[in-house]
Structure formats: structure tokens, C-alpha cells
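Where a number appears in this text, it was derived from the coordinates with a stated rule and is not lab data. Since this is a predicted model, take the numbers as computed values, not measurements. Note: ideal-geometry Cβ built from the backbone for every residue, glycine included; neighbour counts use all protein chains shown.
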Amino acid sequence: MPDFDHQSAPPGAIRSVVVAGGGTAGWMAATYLAARLEGRGIAVTVIESSTIGTIGVGEATVPAIRDFFKAIGLHDFDVLRATAGTPKLGIDFAGWAGEDTRFFHPFGLYGLPSRGVPFHHYWLKLAHAGLGRDLGDYSLCTEMARNGTFMLPVDNPVNDLAVFDWAVHFDASRFAAMLRDLGQQRGVRLIDDVITHTVRDDETGHITSLETQSGLAITGDLFIDCTGFRSLLLGEAMGSSWVDWTDMLPCDRAVALPCAASGGFDRPYTTSTARKAGWQWRIPLQHRVGNGYVYSSAHISDDEATATLRARLEGEALAEPNMIRFGAGHRREFWRGNCVGVGLAAGFLEPLESTSITLIQTALEKLVDLFPDRACAPALAGEFNRATTLEYERIRDFLILHYHANRRQGEPLWDQMRAAPLPEKLAHKLSLWRARGKLVRYEWEAFFDPSWLSMYAGFGLTPAAHDPLADYFTHAQVVEALDHMREAIRAAAAHARPARDFLARLAPQAARAAAPVGVG
């Protein structure tokens, strides 16, 4: 490709983007922008201090992350190898619907529709007739998770029910390091320094430069704030206020503690286990298991939370406990002037459904879609803020459902959450589900119908009625059809192999399959 001709650029075109802060968010931003803006003559600079640590415990993702890999020219296998990663088929929820209960939230579909009627209405028809079936029996991801097996999706599956998706678990610090190397190979400039001051234009209010501890003044046209909870640019300098959601999601602390794995990798999924004052995560990696306890400090002390987590480790602790304080919510404006917040600088929702990295990814995708010139037209920022606010609200509501529908009795946090008032949109969703099993999808919904269905079924929220169009078939016909679907799921799952075998074969597979991926 020929060198970019600056004379051909429109007047006022962005020439430089400065990313404040590194870590996962900063290097996702830098590599994505370098890839998507290639050929436009835009310099990308990251200011990251090697003396400032990052949280680095965001180890679980959703399937969209693999689109991000592709966009920046990485193969899934390359990421798994470089980050000690493992495949993820979904999330296993233990104890949420009461002690000794569990259900699975898979990355895939449930059953097949018929005559324009969604599958779950036939499933509900049988439940209403006293012929209830386990919803998980009609999900290939759930079947593989139960068996501890894994396989890659194929273009021509063995049957219509063999359609599923997958995500990854990875070591977040290794992922950031991988992106740092890739970004610098792509021409991203790295400045190892500490930001001490943000300089703004008196007339426009835009950021003009960032001053550093070593005396540098880094100028830019567009600034991406990836400074974490500090939000040095968007929050402190630009004055975007905080929208607080801790009244709806009261967990405000986490303690993280990795440990040695007990045995080989045999659980290709994240585990979320309800505890007295919150929930515990388990994320299996190749070299260790990531563990953490997300909790409400109003219901348990830091010391007790740490002791609870330690007592439930499956192997030797590999580090000291990492204490993290946070609050659910977001900046009122995610994009203000010529500054865009990404990652924790923009907002935070507890990692119950592994959405932290997704919110980084979607912010970058929206930014490129609405990419401005140096004037940064307010209409572009307005649309970015509107869409991002909706996205945060939709995820918030999905998380609240987990707490609202819980069936844990006699524990103050859980009793409080069941009784708490619901946001309007979530209340509307639940009323339609309870009335007739109607699934509702709003704009910027992060989770599709199967995800909501897995929650409703997992918590035993059975509607009063099903779609009457499902009554076209008799109960016997529906039983026969569902039996055939169950057998088709088992036939598809028979092609999967133990998950640990997938990891053992990963290196030779990657060597054969990692063909270069073009970057647009």
C-alpha cells in the first residue's frame, strides 16, 4: 500500500490519537485503532507507566472477543497460546437458585422452532402439562460443558442443533503484553511515563496535550482515556460526572487470588458460585485457576471475604490477595469534546457475565463507526453517548435479574435483592415473560434471547401460559420432537473430545491453521 498523502486528507482530519493508559483497555484501543485506521495517516501513541500497576484480573470473555482478534489480525489459537488461554462454552451458576442447585448459561441456541413458534414455547407446553424437561438438554454447549468436552464450530455441522459459539479465558496481563508487542509492530508509539497534567484549550474546552512527569508535552487531536477508575481525562479533566448504580448493584468489593489447578483442564467454562455476601468466580487457565469473591462490604468484612475465598481454593495460592474497590455505574458522558473514555475510565459493571472486555470492544467499534474530524461534532458524541448508555443499562438489567430471581433464603444481601424495586425496562421484560413466555429484545441489548431464557429457566421462573400457536401439535407430538432433538444434541456432542485434549493439540493445530488474517 502506498504511503498516505497528507495533502489528500480533508481539512481538519484527525492526524494523531493519544491513548492515556495501557493495560488491557489501552492496548486494545491502540491495536484496534491502528488496524482499522490503517492507511489514513493517523499516528497512535500510548502513554503507559511501567510504575503504575493494572487490575489485570479480567480473564473471561464472551464470543464477540474473537471478532476483535480477527479485526486486529490475530488467530484464536495464537491468543490461546500466548496468554495461557482456554476455551469457554458459557457460565455455570452454582447456588444461585438455592443451595445445591446449578444451571448453565451457554453460548448457543436451545432447540429448534417450528411453524414460526420459538422452541421454548413447546418446552413450556410440556412443562404446563406436567411433562417438564431440563432446558439444558437442548443446548449443545451445555451438553459439552457437562461432559467436560470441547470442539470447534464448523461451517457444515452434523445437524441443525450443532450450532454454537465459544469464547476464551486468558491471562489478562499476558493479553495486554501480547497487544503491546503487536501494537508497536504496527507502528504504535509507546511513551513510558506518568501523566501529571491535562492541558485544555480555553475556547473549545478540548484537550490539547498531556504533560508527563519527565517533562514531555504529548499533543494530539483525539484522546482516549484508559486510565482506569481514576478517569484522569474524562472524569477529572473534562468533568464528566458519575452515574451511580450501587443502589441497584450493591456489590462494591472484590478479592482476587489465583491458585494452582487440581488436575488437568476439564471444565471449559467459567463458574459463578453464590456466597453469603456475593459470588465467587472460578476461571480455568492453562497455568493456574483464577479465583475471586465479589461481595458487598455492607454484608461482610474484607477479612472475612478473603478468608472465605482462601478456604475454597482448590490448590495452593499463587499470590497474595488482590483487593479491588469499585462501584457500579458509568460516566454521564462517555465522549466529551475530543476525549473518549474506554474501559474502567468510562464505567464499571461487576464481571458476573464477563462484560468488561466486551464494553471495551464495543466502545472502540462505535468510535470507529462515528470517527470524527478535529472539530469533534457534538452530534457524533451525542450518538456515542446515547448508544453506550443504553448498552450499559441493558447489561445492568441482565445482572440485576440474577440477583432479583435468586432463591437463597435467610441471607440479608440475597433477601434484600429479591425485594428491591426493578428498573422499568427489566420489570416490563419480566411481566411479559411471566404472562406468556414472551422474550423481549431492546436496542443495544447485549444478551440475546437464549441468554435470558437460560436465566428464566435456571431460576424456575415459569410463565403462566405459553404461545397458543404451540397447541397446533399434541403433547405426544411435542414429546416425540423433543426426544429427537435431544438425540441430535447427543449425536453432535459425540464429535467433541475431552477439553484437555484440545489444549494438548493446540500448538500443532495453531502452526497449521494460523494463516495471516487481513486487516481492513
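Give the long-range amide H neighbours of Arg15: residues separated by 5 or more places, or on another chain, with amide H under 5 Å away, using H modelled in the peptide plane at 1.01 Å from N.
It is Asp221, by chain and number.
How large is ³J(HN,Hα), in whole Hz, for each residue of segment 304-310 in order, when computed from phi with the Karplus curve 6.51 cos²θ - 1.76 cosθ + 1.60 and θ = phi - 60°, using x for Gly and Pro?
5, 4, 5, 5, 4, 5, 4
Compute the long axis of helix 475-493 from its Cα atoms, compare it with the longest principal axis of the Cα atoms of the chain, and write down the angle in degrees, 0 to 90, nearest 10.
50
In debye, nearest 20: dipole of segment 282-346 around its Cα centre with unit charges on the Cβ of K, R (+) and D, E (-)? Each step should come with its number before you reach the end.
Working: 8 positive and 7 negative charges, 77 e Å.
Using only the charged Cβ atoms, the result is roughly 360 debye.
Taking amide H positions as placed in the peptide plane 1.01 Å from N, state which residues far from Trp242 in sequence (5 or more) or on other chains have amide H under 5 Å from it.
For Trp242, whose amide H was placed from the backbone, the distant partners under 5 Å are Arg332.
Between Ser209 and residues 5 or more places away or on another chain, which pairs have amide H atoms under 5 Å apart, with H built 1.01 Å from N, and which residues are they?
Residues meeting the criterion, in which the H sits 1.01 Å from N, are Val199.
Cross-link candidates for Lys425: which lysines have Cα within less than 17 Å, leaving aside residues fewer than 8 places away along the same chain?
Lys438
In nm, what is the difference between 0.36 nm times the number of residues separating Arg386 and Arg189 and their Cα-Cα distance?
Numbers: separation 197, 0.36 × 197 = 70.92 nm, distance 3.16 nm.
Taking 0.36 nm per residue and subtracting the Cα distance, the gain is 67.8 nm.
Where a ≥ b ≥ c are the square roots of the eigenvalues of the C-alpha gyration tensor, would you call the chain rounded, which needs a/c under 1.5, or, failing that, prolate if a/b is larger than b/c, or oblate? Kindly include the intermediate steps, with their values, before the conclusion.
Details: a/c = 1.62, a/b = 1.54, b/c = 1.05.
Verdict is prolate for the chain.
Counting only DSSP beta bridges with both residues in the chain, tell me the antiparallel percent, nearest 5.
Around 70 percent of the beta bridges assigned by DSSP in the chain are antiparallel ones.
For the Cα atoms of the chain, what angle does the longest principal axis make with the long axis of helix 23-36, in degrees from 0 to 90, nearest 10?
80
Across the chain, where is the longest run that never hits GluC sites (Glu not before Pro) in a DSSP loop with at most 11 other C-beta atoms within 10 Å? Each step should come with its number before you reach the end.
Details: sites that count: Glu99, Glu203, Glu316, Glu443.
Here the longest run is 317-442.
Assuming R0 = 45 Å, what is the FRET efficiency of Arg15 and Thr51, from their Cβ-Cβ distance, to the nearest 0.05?
After rounding to 0.05, the efficiency reads 0.90.
Within 14 Å, Cβ to Cβ, of Ala464, how many net charges do the neighbouring residues add up to if Lys/Arg are +1 and Asp/Glu are -1? Write down the numbers at each step before the final one.
Working: positive: Lys125, Arg434, Arg436, Lys438; negative: Asp467.
Result for the neighbourhood of Ala464: +3.
How far is helix 449-458 tilted, in degrees, relative to the longest principal axis of the Cα atoms in the chain, given as a value from 0 to 90 rounded to the nearest 10?
Its long axis makes an angle of about 50 degrees.
Looking at the square roots a ≥ b ≥ c of the eigenvalues of the Cα gyration tensor of segment 253-325, which shape do they give, rounded for a/c under 1.5, prolate if a/b is larger than b/c, or oblate?
Numbers: a/c = 2.32, a/b = 1.71, b/c = 1.36.
Judged from the Cα gyration tensor, segment 253-325 comes out prolate (a/c at least 1.5, a/b above b/c).
Between segment 329-373 and segment 271-292, what is the C-alpha centre distance in whole Å?
So the separation of the two Cα centres works out to 25 Å.
Using a Förster radius of 25 Å, what is the FRET efficiency between Glu236 and Ala319 based on their Cβ-Cβ separation? Nearest 0.05, please. Please list the in-between numbers first.
Working: r = 31 Å, r/R0 = 1.22.
The value I calculate is 0.25.
Quick one: order Ser49, Ser240, Ser214, Ser173 by neighbouring beta-carbon count within 10 Å, fewest to most. Walk me through the intermediate numbers first.
Values: Ser49 15, Ser240 25, Ser214 10, Ser173 18.
So the residues, fewest neighbours to most, are Ser214, Ser49, Ser173, Ser240.
For a footprinting-style exposure proxy, rank Trp27, Trp245 by other Cβ within 10 Å, fewest first. Please list the in-between numbers first.
Values: Trp27 27, Trp245 21.
By the 10 Å Cβ count, ascending, the order reads Trp245, Trp27.
Which lysines, if any, have their Cα less than 29 Å from the Cα of Lys70, not counting same-chain residues under 8 positions apart?
Output for Lys70: Lys88, Lys366.
Per residue of segment 327-343, what does 6.51 cos²θ - 1.76 cosθ + 1.60 with θ = phi - 60° give for ³J(HN,Hα)? Whole Hz please, x for Gly and Pro, Karplus curve as stated.
Each residue of segment 327-343 in turn: x, 6, x, 7, 5, 4, 10, 7, 10, 9, x, 10, 10, 10, x, 10, x Hz.
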